[in-house]
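A.B. asks: Questions regarding the structure given below will be posed in turn.
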Amino acid sequence: MNINVFVIGDIVGKPGRLILKDKLKPYIDSENIHFCIANAENAAAGAGITEEIAEELLSYGIDVITTGDHVWDKKEIFHTLETNKSVLRPNNYSPLAIGKGYVVKRSKTDAPVGVINLLGRVFMKPIDCPFRSVDEALKNISKETNIIFVDIHAEATSEKIAMGWYLDGKVSAVVGTHTHIPTADEKILPKGTAYITDLGMTGPHESILGRKIDCVLKAIVTQMPTKFEVAEKDVRINGVKIVVDSQSGKANSIKRVEIKEHD
């Protein structure tokens, strides 16, 4: 039996949330999606996530929310990270940090699906090794399921590609987030792991990575501190649909998905 999983790229601000409210459930129904994962570390005004927004996104049909380097930006999320297993912070933060970096949840087919959230180290703030961290997580998660998805939130393409090869045959899929630009390298690696370097962005695409163009250009040209406001136009959902064999845990296919607000 196959399980269909939809993985959504970084949700940016209110525009990203609104298009999911409008378009996600119809897509889930039309594509027979059994499980949905979304990175939402930019869902609150472009930086961080709140408890209210997390609950909002989960109500739209998302099963697990992953995050990244902006997870701590809104202090309101602390309680959620402590109490809601469906909201993750990167697993390779300190073990003393609140929250969890992985979870196993049941899909619509009742198959258990594992999700691991990691944060890269190249061009990022100091953090524990994601490779050692994922090995430790797999020791526990693989006892419960062989259907396992890894979101590596990282800047460097090389680090994300390295994680894909490192985990080939150990997990069902490795997907990259953080850079907000969808890559065209989706593939099934030799041992059965689906891979893509970056899922892209769920939010306004007439922008610079989801922020108003004029604001970002002003900061780049003048080198002065500038508030980066969330843009509003050309809103799209970026992500991938991955089909996994529920017995072996290996991926059968991976396909990029783009849904526009006027589709």
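The values are calculated or read from the model by the stated rules, or taken from the named source; none is laboratory data. This one's a predicted model, so the numbers in the text were calculated from it and none came from an experiment. Cβ: placed from backbone, ideal geometry, glycine included. Neighbour counts: every protein chain shown. When the accessible area is computed, the model is the full protein with side chains, heavy atoms only, and any ligands, DNA or RNA have been set aside. Shrake-Rupley method; radii C 1.70, N 1.55, O 1.52, S 1.80 Å.
A.B. asks: Only four residue types carry charge here, +1 at the Cβ of Lys and Arg and -1 at the Cβ of Asp and Glu. Report the dipole size of the chain about the Cα centre in Debye, rounded to the nearest 20.
C.D. replies: 320
A.B. asks: Let me ask something else. With respect to the cross-link table entries LYS125/LYS212; LYS21/LYS170; LYS218/LYS255, which display a Cα-Cα separation exceeding 28 Å?
C.D. replies: With Cα atoms farther than 28 Å apart: LYS21/LYS170; LYS218/LYS255.
A.B. asks: A follow-up question, please. Identify, among ASN238, ILE196, PHE131, the residue whose Cα sits farthest towards the positive end of the charge dipole of the range 106-263, taking +1 on the Cβ of Lys and Arg and -1 on the Cβ of Asp and Glu, with the dipole about the Cα centre.
C.D. replies: The residue sitting most towards the positive pole is PHE131.
A.B. asks: Given R₀ = 35 Å, FRET efficiency for ASN2-GLU232 by Cβ-Cβ distance, to 0.05?
C.D. replies: The computed FRET efficiency comes out at 0.40.
A.B. asks: Report the charge-dipole magnitude of the range 7-109 in Debye, nearest 20, computed about the Cα centre from +1 at each Lys and Arg Cβ and -1 at each Asp and Glu Cβ.
C.D. replies: The dipole of the range 7-109 has a size of about 240 debye.
A.B. asks: Considering only protein heavy atoms and a probe of 1.4 Å, how much of the accessible area of the chain is carbon and sulfur, as a whole percent?
C.D. replies: Answer for the chain: carbon and sulfur cover 53 percent of the accessible area.
A.B. asks: Divide by every residue of the chain the summed helix terms, -39500 (n - 2.57) for each DSSP H run of at least 4, and state the resulting mean residue ellipticity at 222 nm, rounded to the nearest 500 deg cm²/dmol.
C.D. replies: -7500 deg cm²/dmol
A.B. asks: TYR93 accessible area, nearest 10 Å², 1.4 Å probe?
C.D. replies: Roll a 1.4 Å probe over it and TYR93 shows about 40 Å².
A.B. asks: Please calculate how many Å² of accessible area the chain carries per residue, with a 1.4 Å probe and no DNA, RNA or ligand atoms counted.
C.D. replies: I get 45 Å² per residue for this part.
A.B. asks: Determine which residues of the range 75-114 fall in the zone a paramagnetic label at ASP29 would reach in this model, i.e. backbone nitrogen under 20 Å from the point 7 Å along Cα→Cβ.
C.D. replies: Answer for this model: 108-109.
A.B. asks: With every protein chain present, what accessible area does ARG236 have (1.4 Å probe, heavy atoms only), rounded to the nearest 10 Å²?
C.D. replies: 50
A.B. asks: Right, something else. Going by Cα centres, the range 77-137 and the range 203-234 are how many Å apart?
C.D. replies: 30
A.B. asks: Let me ask something else about it. Cut-off 12 Å, label point 7 angstrom out along Cα-to-Cβ of LYS218: give me the residues of the range 12-31 whose amide nitrogen falls inside.
C.D. replies: Within reach of a label on LYS218, which here means backbone N under 12 Å from a point 7 Å along Cα→Cβ, the range 12-31 contributes nothing.
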